[in-house]
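To start, the structure itself, in structure tokens.
The values are calculated or read from the model by the stated rules, or taken from the named source; none is laboratory data. Keep in mind the model is a prediction, meaning the values are calculated, not measured. Positions of Cβ are generated from backbone atoms using ideal geometry, with glycine treated the same way; all protein chains shown enter the neighbour counts. Remember, those area values only see protein heavy atoms, side chains included, never the ligands or the DNA or RNA. Shrake-Rupley method; radii C 1.70, N 1.55, O 1.52, S 1.80 Å.
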Amino acid sequence: MSTFLNDKIKNLTPYVPGEQPKERKFIKLNTNESPFPPSSLAISLANEELSKVNLYPDPDCKDLILEIANAVKVKPQNVIVSNGSDEVLNFAFISYCDDNNPAVFPDITYGFYKVFAGVNGVPYKEIPLNSDFTISASDYINSKGVIFIANPNAPTGINMPISEIEKIVASNPNRVVVIDEAYVDFGGESAIPLISKYDNLLVTQTCSKSRSMAGARLGFGVASEKIIQDLNTVKYSTNPYNVNRVTSALGIGALRDKKYFEDNCAEIIKNREFLTQEIIKLGFTATCSRANFVFIKHESVSGKELYLKLKDKGVLVRHFDKERISNYLRITVGSFEETLALITALKEILGE
Ligand code: PMP
């Protein structure tokens, strides 16, 4: 750390992304990426853009926004695109949180929310999940802050019914409620239809998981026109060209190739259900995940030990050294072959 660093950043604990080791080839089930390549249509559209990268991209991302608006059945004025959904989440922290409007989110959820609060110097309040890791809507009714809820939640994968989300949004008409739907395409239910009814709702989604674009960084927010204007004020004050040409073309292709997207989501859901059944036979309990990962705990072997032994066998999963969930593993649902390899590795470890 240099001596020049300001106090706000000096005391910041940055987000720690999942490991991306290069020294050995792992079966990588630790960062909820898709095991499938991007759609071939996306790749061909992106290839056409490569020779044009001497020119800035369209800062308004009109074509991409139109494609997203069609896909999620809203008007283009209701959409903003971002460099991964992390960026639009950060825009929401910048726009709506301050000393009088703290961020409010569950104690067990996406770890980046705390970091966004820190980097923006705004207070936050964590609300404990129920003992079964579900979220009680009643904890967020008439809230004193800006609510951030991942639905399905991470790392539990548990989905909150839309009727409960609506109660939260309806009871906080003077605050923005952000619903982070990074995993919604794997069996969740989107809150996007509610944006026509509530002007305080912001829904964020990503192309990182279900559309195989984690490496290209494309996310988006859907909300009332006024919220989108707010977020655009931040975008045009930080990085007007936040989505590059190649990513934009990939996104257009990925959104047009609906069948590829739907087939991939269906395959992940099938593998998730198969994996869950198989690991329960091995003495694990699993939360009811509607995401592209499972969240599991073994009856006798600790999460840390399983994580280390799996790593030793070339299978990388995510373990969180955090109270309440330190005995759990979050394991991304991969291809069928990866799923079989994971089950074999677990059987070997538990049989040792
Ligand atoms: N929300 C949740 C709950 C996530 O797990 C992630 C992925 N780490 C994100 C948002 C951000 O994903 P991205 O920036 O790749 O869109």
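Figures for the structure shown
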| item | result |
| --- | --- |
| Per-region count, the range 92-119, residues more than 12 Å from the ligand (Cβ to nearest atom) and assigned to a helix (DSSP H, G or I) | 8 |
| Residue among V169, V184 that is under 19 Å from G251 (Cα atoms) and not aromatic (F, W, Y) | V184 |
| Members of the range 41-69 found to be free of Cβ contacts under 8 Å to residues at least 24 places away in the same chain and either under 23 Å from F186 (Cβ atoms) or touching a His at 6+ places or on another chain (Cβ under 9 Å) (or both), listed by number | A69 |
| The range 204-226, subset of a type in the set (K, R) and crowded, with 24+ Cβ neighbours inside 10 Å, residue farthest from the ligand (Cβ to nearest atom) | R211 |
| Test: residue in the range 124-145 that is without any contact (Cβ under 8 Å) to a residue 40 or more places away in the chain, open to solvent by 10 Å² or more (accessible area, probe 1.4 Å) and touching a Gly at 6+ places or on another chain (Cβ under 9 Å) | yes |
| Where I296 falls short, out of the listed (1) open to solvent by 10 Å² or more (accessible area, probe 1.4 Å); (2) assigned by TED's automatic domain parsing to the domain that holds K25; (3) over 17 Å from D185 (Cα atoms); (4) within 24 Å of the chain's Cα centre (by Cα) | (1) |
| Qualifying residue in the range 4-20 (condition: basic (K, R), more than 16 Å from the ligand (Cβ to nearest atom) and under 23 Å from N242 (Cα atoms)) | no |
| Selection from the range 142-164 of residues that are outside any loop (DSSP other than H, G, I, E, B), within 15 Å of the ligand (Cβ to nearest atom) and among the β-branched types (V, I, T) | I147, I149 |
| Unique match (being surrounded by 17 or more Cβ atoms within 10 Å (Cβ to Cβ) and either assigned to a loop (DSSP other than H, G, I, E, B) or not hydroxyl-bearing (S, T, Y) (or both)) among P21, P38, P17 | P38 |
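Okay, residues lined up against (1) out of contact with any Asp or Glu (no Cβ under 7 Å at 6 or more places or on another chain); (2) among the charged types (D, E, K, R); (3) in a helix (DSSP H, G or I); (4) open to solvent by 60 Å² or more (accessible area, probe 1.4 Å):
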| position | (1), (2), (3), (4) |
| --- | --- |
| T285 | yes, no, no, yes |
| A291 | yes, no, no, no |
| E305 | yes, yes, yes, yes |
| E323 | yes, yes, no, yes |
| A341 | yes, no, yes, no |
| E348 | yes, yes, yes, yes |
